Amino acid sequence: MPWSHRSLQPASIVSRLWDTIEAFEMDESATYLYCIVHSDDALATTKVPHGLPGATRPSIAAIAGSLWLVTARVPLESYGPAPLEASLRDVQWVTDVAVAHESVVEFFARRTGATVIPMKLFTMFSSEKRAISETRSRLRDIEAVVSRIAGCEEWGVRITYRPTTASRPPARQAKSSSGTAFLKAKKAAREVARRSAGTAVEEAERAYTTLAAIARDARRRSDAPVGATSPPLLDAAFLVPAAGRTQFKAAVKKLAAASVDGTQVTLTGPWPSYNFIELESNS
């Protein structure tokens, strides 16, 4: 029944994005790639967030036509293979870097008329020249992705279920009830819990179908959220046209209000289209 709208994206973005890690040449720094931006107008970096710790401020590199790279230089003493491997064991550090990365991507995603393809966290090249060359070699694929996600934003919907107190077996009370009565009550409570859980599963499937009909595309996610003790009934991303944002949010709220007791519906977004930058659909 409860409905919540979180404004922070989980740290699991580390493993949800798209691109290739480029091998380094021996140097003191590397070129870090935040995102590819499609925009008819040249990009400006005024007021752009600083980005990753230790990195230079984000800069813009022209690719072809209306495509631009958002890059920065990062020191290999912090982001080289060996120190990075050690730092990845520090969950707080990875989270801080992920948030810094995200802040730059979202800055350009908010730009009117821009379509942003976010890069995977820690996507680095030996030089800006190498980053440009690699991107130009994929122009056809990049243009196809831009066509898919243009004018849209990503929303996440997660549905979980926990039995309510009313559906749990009762605690045994020796004086107030006989053993037979207790067993009957316990059996009845288990049956209620079973039916409620089954209803929650069916509702989650209907929710996916309903929301997918509003979205341009929809994909189920299999990565478990941080701290989860059991898989959610539904964890999905929806590619929603910006003009349909109000309709989509209202539909989520309506589904949450009508859900069985014990169901938690969580809506997150809008985000850049992290889950829709590959061409195949998981719907």
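So here's what we get for this one:
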{"quantity": "Test for residue 73: is it assigned by TED's automatic domain parsing to the domain that holds residue 43, modelled with pLDDT under 95 and not in a helix (DSSP H, G or I)", "calculated": "no"}
{"quantity": "Residues satisfying the stated conditions in region 49-69, i.e. of a type outside the set (D, E, K, R) and either in contact with a Gly (Cβ under 9 Å, 6 or more places away or on another chain) or more than 21 Å from residue 94 (Cα to Cα) (or both)", "calculated": "58, 59, 60, 61, 62, 63, 64, 65, 66, 67, 68, 69"}
{"quantity": "Hits in region 224-256 (condition: among the β-branched types (Val, Ile, Thr) and modelled with pLDDT of 90 or more)", "calculated": "240, 246, 252"}
{"quantity": "Residues satisfying the stated conditions in region 198-221, i.e. at pLDDT below 90, part of a loop (DSSP other than H, G, I, E, B) and among the aliphatic types (A, V, I, L, M)", "calculated": "none"}
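The values are calculated or read from the model by the stated rules, or taken from the named source; none is laboratory data. Here the structure is a predicted model, which means the values were calculated and not measured. All Cβ positions, glycine included, derive from the backbone under ideal geometry; neighbour counts span all protein chains shown.
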